[in-house]
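**Student:** The structure that follows is given in the form of structure tokens.
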Amino acid sequence: MAGLPGTGKTTLARALAERTSGCVLNKDEIRAALFSPDDIEYSTAQDDFCMEIMLQAARFLLRKNPERKIFLDGRTFSRRYQIDRVLTFATDLSQPWTILECTCSEESARRRLELDPAHPARNRTFSLYLEVRAHFEPVGYGKSVIDTDQPLEECVRQAMTALF
């Protein structure tokens, strides 16, 4: 799941996991489980560490059931090396991959970010959205772009078409 903060990645990932009997692995939830609030720093190093934990969890789940859909969530995948790491991982496990990039209007992202105070990532703000957008490296691989300003069911339909 790629896309800027507030673009609906988690909502779509959860809906897809429900429909496919898949699993959502969320970087922000993993970070909150691993680190006390005083140790959370939102650094690149900590993000990358949490991503590696996500990939190890995915490896464990895929060894049990290689057909299971795993949705990696909670990271924007705004840097090429982030996507490259996941694709290398998938290739090493002989797993297919699909990049779903969520987009929405700036106003929708702002509203979503302001209306979700319980999100585990405390740095998830509209300022972060703007900062990540300013440095977002285009996804250089095949992807399906899903405009999450559409109804969730339409987003799920488009994503399911990309997945199967």
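**Student:** Rounded to the nearest 20 debye, what is the charge dipole size of the chain about its Cα centre when +1 sits on each Lys and Arg Cβ and -1 on each Asp and Glu Cβ?
**Tutor:** Dipole size: approximately 460 debye.
**Student:** With labels modelled as points extended 7 Å from the Cα through the Cβ direction, what inter-label distance (nm, one decimal) is found for ASP39 paired with ASP84?
**Tutor:** Output for this residue pair reads 3.0 nm.
**Student:** Excluding residues on the same chain fewer than 8 positions from LYS64, give the lysines whose Cα lies under 25 Å from its Cα.
**Tutor:** Once the sequence-local lysines are set aside, what remains near LYS64 is LYS27.
**Student:** Carbon and sulfur together cover what percent of the accessible area of the stretch 71-130 at a 1.4 Å probe radius?
**Tutor:** Result for the stretch 71-130: 53 percent of the exposed heavy-atom area is carbon or sulfur.
**Student:** Sketch the reach of a paramagnetic label on GLU107 as a point 7 Å from Cα along Cα-to-Cβ, and name the residues of the stretch 113-135 whose backbone nitrogen lies under 20 Å away.
**Tutor:** 113-116, 126-127, 129-130
**Student:** Mean Kyte-Doolittle hydropathy of -1.0 or higher plus an axial Cα length of 20 Å or more: which whole DSSP H helices in the chain meet both?
**Tutor:** The answer, listed by residue number, is 44-64.
**Student:** Can you give me the Kirkwood hydrodynamic radius for the stretch 76-164, using every pair of distinct Cα atoms, in Å to one decimal?
**Tutor:** Kirkwood radius, the stretch 76-164: 14.8 Å.
**Student:** Here's another thing I want to ask about it. Toward the positive end of the charge dipole of the chain, about the Cα centre and with charges on Cβ (Lys, Arg +1; Asp, Glu -1), which of ILE99, TYR42, LEU163 goes farthest?
**Tutor:** LEU163
**Student:** Keeping every protein chain present and rolling a 1.4 Å probe, give me the accessible area per residue for the stretch 1-151 in Å².
**Tutor:** Averaged over the residues of the stretch 1-151, the accessible area is 53 Å².
**Student:** Here's another thing I want to ask about it. Please list the radius of gyration and Dmax for the stretch 43-116, considering alpha-carbon atoms only, with Å as the unit.
**Tutor:** When restricted to the Cα atoms of the stretch 43-116, Rg and Dmax are 14.4, 42 Å.
**Student:** Could you tell me the extents of the chain's C-alpha atoms along the three principal axes, largest first, rounded to whole Å?
**Tutor:** 38, 38, 28
**Student:** Setting aside same-chain residues fewer than 8 positions from LYS143, which aspartates and glutamates have a Cα under 18 Å from its Cα?
**Tutor:** ASP73, ASP84, GLU101, GLU154
The values are calculated or read from the model by the stated rules, or taken from the named source; none is laboratory data. A quick note: this is a predicted structure, and the numbers were derived from the prediction, not measured. Neighbour counts are summed over all protein chains in view; Cβ atoms, including those assigned to glycine, are modelled from backbone coordinates with ideal geometry. Just so you know, the surface numbers come from the protein's heavy atoms only, side chains and all, with ligands and any DNA or RNA stripped out. Shrake-Rupley method; radii C 1.70, N 1.55, O 1.52, S 1.80 Å.
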